[in-house]
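Remarks on the structure that follows.
The values are calculated or read from the model by the stated rules, or taken from the named source; none is laboratory data. All values derive from a computational prediction rather than experimental measurement. In this analysis, Cβ positions are derived from the backbone assuming ideal geometry, glycine residues included, and neighbour counts consider all displayed protein chains.
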Amino acid sequence: MGNNYVGILVNSGTYRGIPSGKPKQESLSCYEEAGKRYGITPCYVRLADLHPDKKEAVAYVKGKYGYVRKTVPIPRVIHNRALYFRKESHDRIKELVRQGIQIFNETNRYGKIVIDRILREEPEVIGHLPDTMLYTADNLKLMMQRHDSLILKPNNASLGQGVIKLLRYSSGWKLYYPAGKAGVKTAYARAKEMPKAVSAFTSHKKYIIQQYIPLAAYNGRPFDLRVVVQRDGSGQWQVTGIIGKVAGAGRYITNVANGGSVSRIEQLLPAALPHFPVQELKERIDAVSLSIAKRMESKLPHLADLGFDIGITSQGEVKFIESNGCGRRYGFLKARMYDIWRATYSNPIAYADFLLRSGSGESGGGENETGCQSDLLI
């Protein structure tokens, strides 16, 4: 197997966009820039083209005149940037690992309740977790007794899909639910009627119930933070960057895909929390995020590239919301944080180089300045 190839495992939709050099949600030029820096050739491959019983695979590789499909040795190190939901796909990845292929972020999505249970065993983290339970009618009644506001969300979903908010009133409860372009719709119910009222949303998939985090607000709109935590060229965890996500007008979900917007924390934190120094808050966010990453790594296989949604309350408390193993990186690009955006691509290549050197004793190449283009489709 060739030592200079590092695989970028992508789904079919991304793969189809590679010939144009502009696949969905990825910047090939940033991978290429990092590859030149470390003497590595990124190759872009689908799981269907990786066969555990073969030594070669067909992949896209950057050539003189663009990206071409060619047969390459199956890379000894692969960065997984795809989501798989079928057991056969996970079985194939496990078989590749058994054959000696190092696949980091081997699994990119874990149920939110699984992550919550793992983190609750870590004393350094537990104080930063909202009260969380798997949804049942009885658990909903219990959580309604404990808290005045709740969030219900699918156990396996992202982008704010299907998230419901419940808020206690003197005469009952108010239910908020997303309604597409219409924004947010509401309904009212007495406490004993609420399990039936939410069953229309929760009956088709597994949900969790979470204590609502009273997020700090910017211009009257709640915001949270996306914190990217990655392993670098030394194999250690680091916080690569933080971007704020501000809810759209009248919304309680901060996701950009649901009407939210991105802002730099240097703009958000002083306005929302003027009595808390920005650097002090950032250090606390970094410390909590690194503790979470290390705890997850201790229980889950081959993690190296994570995105955390972190909330800051109006009292300056740091709260973990959820994790993502295949996070979109374009928020930094939208906020014109170009150096951090590039780093979210270069760190996985640097870590791949670390794995190659750790396994073979070889070192990566020297520095090579090149241009990383803003070639994401936004």
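Quick look at the values:
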{"read-out": "Test: residue in the stretch 265-273 that is free of Cβ contacts under 8 Å to residues at least 24 places away in the same chain, among the small types (Gly, Ala, Ser) and not in a loop (DSSP other than H, G, I, E, B)", "value": "no"}
{"read-out": "The stretch 113-131, subset in a loop (DSSP other than H, G, I, E, B) and not small (Gly, Ala, Ser), residue surrounded by the most Cβ atoms within 10 Å (Cβ to Cβ)", "value": "128"}
{"read-out": "Test: residue in the stretch 177-189 that is over 24 Å from residue 290 (Cα atoms), in contact (Cβ under 8 Å) with a residue 60 or more places away in the chain, of a type in the set (Ser, Thr, Tyr) and touching a strand residue (DSSP E or B) at 6+ places or on another chain (Cβ under 9 Å)", "value": "no"}
{"read-out": "Meets criteria (assigned to a helix (DSSP H, G or I) and within 21 Å of residue 359 (Cβ to Cβ)) for residue 93", "value": "yes"}
{"read-out": "Condition check for residue 88: part of a helix (DSSP H, G or I), more than 20 Å from the chain's Cα centre (by Cα), at negative phi and surrounded by fewer than 14 Cβ atoms within 10 Å (Cβ to Cβ)", "value": "yes"}
{"read-out": "Residue selected from the stretch 134-146 under the condition touching a residue at least 24 places away in the same chain (Cβ under 8 Å) and surrounded by fewer than 18 Cβ atoms within 10 Å (Cβ to Cβ), by the criterion nearest to residue 116 (Cα to Cα)", "value": "134"}
{"read-out": "Selection from the stretch 215-264 of residues that are under 17 Å from residue 282 (Cβ atoms) and either of a type in the set (Lys, Arg) or in a loop (DSSP other than H, G, I, E, B) (or both)", "value": "216, 226, 245, 264"}
{"read-out": "Residues of the stretch 6-49 classified as farther than 21 Å from residue 108 by Cβ and either in contact with a Leu (Cβ under 9 Å, 6 or more places away or on another chain) or modelled with pLDDT of 90 or more (or both), total", "value": "13"}
{"read-out": "Subset of the stretch 132-147 [part of a loop (DSSP other than H, G, I, E, B) and at pLDDT below 95]", "value": "135, 136"}
{"read-out": "Pairs, first under 15 Å from residue 326 (Cα atoms) in the stretch 6-22, second of a type in the set (S, T, N, Q) and modelled with pLDDT of 95 or more, C-beta under 8 Å, six or more apart", "value": "9/80"}
{"read-out": "Residue satisfying all of: in the stretch 321-345; surrounded by fewer than 22 Cβ atoms within 10 Å (Cβ to Cβ), part of a helix (DSSP H, G or I) and not hydrophobic (A, V, I, L, M, F, W, C); modelled with the lowest pLDDT among these", "value": "330"}
{"read-out": "Verdict on residue 209 being within 18 Å of the chain's Cα centre (by Cα), of a type outside the set (Ser, Thr, Tyr) and surrounded by 14 or more Cβ atoms within 10 Å (Cβ to Cβ)", "value": "no"}
